[in-house]
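Enquirer: Dumping the structure here so I can ask a few things about it.
Throughout, read-outs are computed from the coordinates displayed, never taken from laboratory work. In this text the structure is predicted, and so the values were computed from the model without any measurement. All Cβ positions, even for glycine, are placed from backbone atoms using ideal geometry, and neighbour counts span all protein chains on display.
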């Protein structure tokens, strides 16, 4: 019997323990921990077991650090009474909900064919809807508690599975071939290109906002980010710094779909970026990482890479002829 079949059940013991602890002590504090001592410790143990199980479902550096930060938040919360305790529980709660969606979608995308992904996504969404409906029944303490509320995040499971499937399809091959696509850009040059692009974007959006306040942002996104990347393979900032965006499978222009996915993932950085870069910094500090990767999250999600534009050889040829 293969143990892989039981991997999706790894978070179940922790989830059951959390629900039971909140059921035993339904008089939860305003901080969202059970009011009495042993149920509180039991719920914290349940949260930690739940997080460990989620790491088994989706093992990666980012998910590991998400789980560690969430577990520390749950454990340290009761030792920090007042507003700090509430904030720490909220941090752990949000990270756990996000990790549930990430782990579920990663497992489904990696292990299921197309039909299986649809069935799994529907089942996960149904579980999330069930947890969501439990909010309205305070007379049932086994349902109306954070142990089930956190599972309500699964209502977005179909969207997460669909995006994960798109990511996997676009990210082929997963490594850049310099002979076809070009030499990867340095992080410093990429940062400079991004800085120039977003200064231009900010000025244009502010100027257009006086005329078209509602649609100024999407217009600037289309004209200054998605369109130039899709059609010419470079934004104004990349043009100024001698860079371009290429499709890793052959080195051609990205096209509209890849340009749109690239922008959407890049915009998620303010939310997911701190987790991503903290994990990378800790990984690099202990000597495991190799510095900033050639392709960042939005590169991989869209199947693109940022490369240096080679200098034209016309001048060199004319000098040789002279």
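Enquirer: Give the calculated FRET efficiency between residue 119 and residue 37 to the nearest 0.05, with a Förster radius of 35 Å applied to their Cβ-Cβ distance. The partial results should precede the final answer.
Expert: Values: r = 43 Å, r/R0 = 1.23.
My answer for the efficiency is 0.25.
Enquirer: Say each of residue 232 and residue 111 gets a label point 7 Å from the Cα, pointing the same way as Cα to Cβ; how far apart are those two points in nm?
Expert: Using points 7 Å along Cα→Cβ, the separation is 4.7 nm.
Enquirer: Modelled label-to-label distance, residue 210 and residue 79, 7 Å Cα→beta-carbon offset: nm?
Expert: It is 5.5 nm.
Enquirer: Listing 68, 100 from the residue with the fewest other Cβ atoms within 10 Å to the one with the most, what is the order?
Expert: Numbers: 68 15, 100 26.
In order of increasing Cβ crowding within 10 Å: 68, 100.
Enquirer: Segment 116-131 to segment 159-199: how many Å between their Cα centroids?
Expert: 31
Enquirer: Still on this structure, I have one more. Just how far, in whole angstrom, is segment 219-235 from segment 36-75 if you go by their alpha carbon centroids?
Expert: Segment 36-75 and segment 219-235 have Cα centres spaced 41 Å from each other.
Enquirer: A further question follows. Output the relative contact order of segment 3-170, whole-number percent, from Cα pairs under 8 angstrom with separation of 6+ residues. Could the numbers behind the result be given before it?
Expert: Numbers: 237 pairs, mean separation 37.1, N = 168.
Rounded, it is 22 percent for segment 3-170.
Enquirer: Classify segment 3-170: rounded, prolate or oblate, from the alpha-carbon gyration tensor (a ≥ b ≥ c, eigenvalue square roots; a/c under 1.5 rounded; otherwise prolate if a/b is larger than b/c)?
Expert: On the way: a/c = 2.13, a/b = 1.65, b/c = 1.29.
Prolate is the answer for segment 3-170, as a/c is 1.5 or above and a/b outweighs b/c.
Enquirer: A follow-up question, please. Give me 229, 175 sorted ascending by neighbouring Cβ count inside 10 Å, so fewest comes first. Can you show the working numbers first?
Expert: On the way: 229 25, 175 9.
By the 10 Å Cβ count, ascending, the order reads 175, 229.
Enquirer: In what order do 167, 198, 38, 120 fall by count of nearby beta-carbon atoms within 10 Å, going from fewest to most?
Expert: Details: 167 18, 198 15, 38 11, 120 21.
Fewest-to-most Cβ neighbours within 10 Å comes out as 38, 198, 167, 120.
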